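Read the figures in this text as sums done on the coordinates, not as results from a lab. All of these numbers come straight from a predicted model, not from anything done at the bench. Here the Cβ positions follow ideal geometry from the backbone for every residue, glycine too, while neighbour counts run over all protein chains shown.
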Amino acid sequence: MRLWLLPVASGALFIALWYGVRVYSGLQSWILPTPLEIMEAAWRERTRLLMAAGNTALGALAGFLLAGSLGFLTSLLLGASQSLRASLYPWLLVLQMTPVIVLTPIIVLWAGPGLPGIITVTWLISYFPIVANMTQGLLSTDLNLVALFRMGNASRLQEILLLRVPSAMPYYLAGLRIAATLAPIGAIFGEYMVGNSAGGTGGLGFLVYSYNTQIKIPALFATALTSCLLGFIFVAAVALLNWAVLHKWHDSFERHDH
Amino acid sequence: METPEPIVNFHSVTKRYGSGPVVLDNIDLTVCRGDFVTFIGPSGCGKSTVLKLVSGLSPWTTGSVSVLGAVPRAARDRQAFIFQDATLLPWLTTQKNAELALRLRRMPAAERTAKAREMLALVGLDRVREYYPRQLSGGMKMRVSIARALTLAPQLLLLDEPFGALDEMTRNHLNEELLALRAQSPFTAMFVTHSVAEAVFLSNRIVVMAAGPGRFHAEVAVDFGYPRRSVLRERPEFQTKVNEVSRLLHQVEEVPA
């Protein structure tokens, strides 16, 4: 049996169960719409959903890129000096431990409602996994290779650029992978919290708010589906980047003989 | 015959890591230009530490060490170190790995490419220049490591159990290649190994070391001339020398630390 058939089969089974529950429980469409009703709603609302998805993608992408670049630079600082690490890392943890939901009103107050606030929330939620992973990577450099660089009288800059950063790439990409799943969530959450005042062009988070107050439950499910697709695109993009950077040399892409 | 020029001098050298036990105790050593000195002994006798002191990777505690007329660190540009592990950067091709030592010295790209190519051809790897380390066998990786060291044209080559992880056949081949390379671009060698046969085949001097604390137990001169070929291993005098060194090793290993 082909391996890809398994998720297809389990998915089909799940949809059949869904219909079964709907038929035998006697639940109303506005409590549990069928997959077909959701697809119909998605088609009806396609323009709004696509516009909203585009807006959310913009916020998520900007926040993600900000987290990716700032996370990279922060890790370089943290990796460079132990005293810097000791001074900053605990506070980064504190920032990470604080639920974003608590910070959101403050973010709106500072960054302003709309896109700037949404980008800030997205950045905040996807920044830490990148820093944690990349810093770990910079500190995990093979000691034999460090000795080799020292024997070669390498400068500090050469050691960082030619040795530490490349050897930390698998860690950085692992951090980006986590961030990619978090960025759309952060953007949607940000829109839900701060996007209301952004005017007519809200994102998916705004649609959730709007459909919910109008009790358009199938459309709400359709929004969930759209968000899911958006998340998938983010993760797929990072998976592609991961492949592009690592496949030639990293052991995780080693082909095995069966 | 010209008088040999001493290039490494240890005078009453003692080494301990921090406040730990004494790793090397009162070592005196002179290595002359053209020597191939091998250090052999039980684990913990400090044979790798000797190389670390010469390379300046680790400081000595008391006594004095001079290398090529300078303190070890200042002589780094005239020596090269071959580690037990091939220490290749996994994200670089064979060619780029072979260029690394020259790149760290900021040699212009075209020049270092040519130099690395030449050395890779010398160790028989010109066909795998675009391969990544994970595509190479253990023996090939070690050849890249040797090529990289030789791009520097070092006066002194330090080798810390470079062939320890290889099968015997590959090891024998690489021993012969190492001597052939040395005939082409002469370097003085300080070599660490666990293999008596390897030590006898390669060296003109073998230092047998004892552990607890690490010290020199005996020195054996190996006066077969160079070049040496694989047939040497079959000669009775080779076996006699192997037995002599093995006996000395037994002496130091029987003494409890």
In terms of modelled amide H atoms, which long-range or inter-chain residues lie less than 5 Å from the amide H of residue B:218? B:208
Name the longest site-free stretch of chain B, where the excluded sites are trypsin sites (Lys or Arg not before Pro) in a DSSP loop with no more than 12 other beta-carbon atoms within 10 Å. B:107-228
Determine the gain in length on full extension of the stretch residue A:24-residue A:70; use 0.36 nm per residue of separation and subtract their C-alpha separation, reporting nm with one decimal. 11.3 nm
Considering only Cα-Cα distances, which of the following residue pairs are longer than 27 Å: B:115/B:141; A:248/B:115; B:47/B:96? B:47/B:96
Given a Förster radius of 22 Å and the C-beta distance between residue A:82 and residue B:73 as r, what FRET efficiency does 1/(1 + (r/R0)^6) yield to the nearest 0.05? 0.45
Long-range alpha-carbon pairs in segment A:34-246, meaning those over 25 Å apart, account in percent for 47
How would you rank B:35, A:142, B:223, B:160, going from fewest to most other Cβ atoms within 10 Å of each one's own Cβ? B:223, A:142, B:35, B:160
Taking the alpha-carbon centre of each part, the distance from segment A:1-48 to segment B:178-224 in Å is 75
FRET efficiency for residue B:233 and residue A:244, Cβ-Cβ distance as r, R0 = 45 Å, nearest 0.05? 0.35
Only helices at least 24 Å long along their own axis, judged from Cα atoms, and with Kyte-Doolittle mean hydropathy of -1.0 or greater: name those in chain A from DSSP H. A:5-25, A:46-80, A:115-139, A:165-194, A:217-246
Among all the aspartates and glutamates, which ones have a C-alpha under 13 Å from residue B:241's C-alpha, if same-chain residues fewer than 8 places away are not counted? B:198, B:219, B:223
So the angle from the long Cα axis of helix B:138-150 to the longest Cα principal axis of chain B, reported in degrees to the nearest 10, equals 90
Nitroxide proxy distance, nm - points 7 Å out along Cα→Cβ at residue A:13 and residue B:61: 6.7
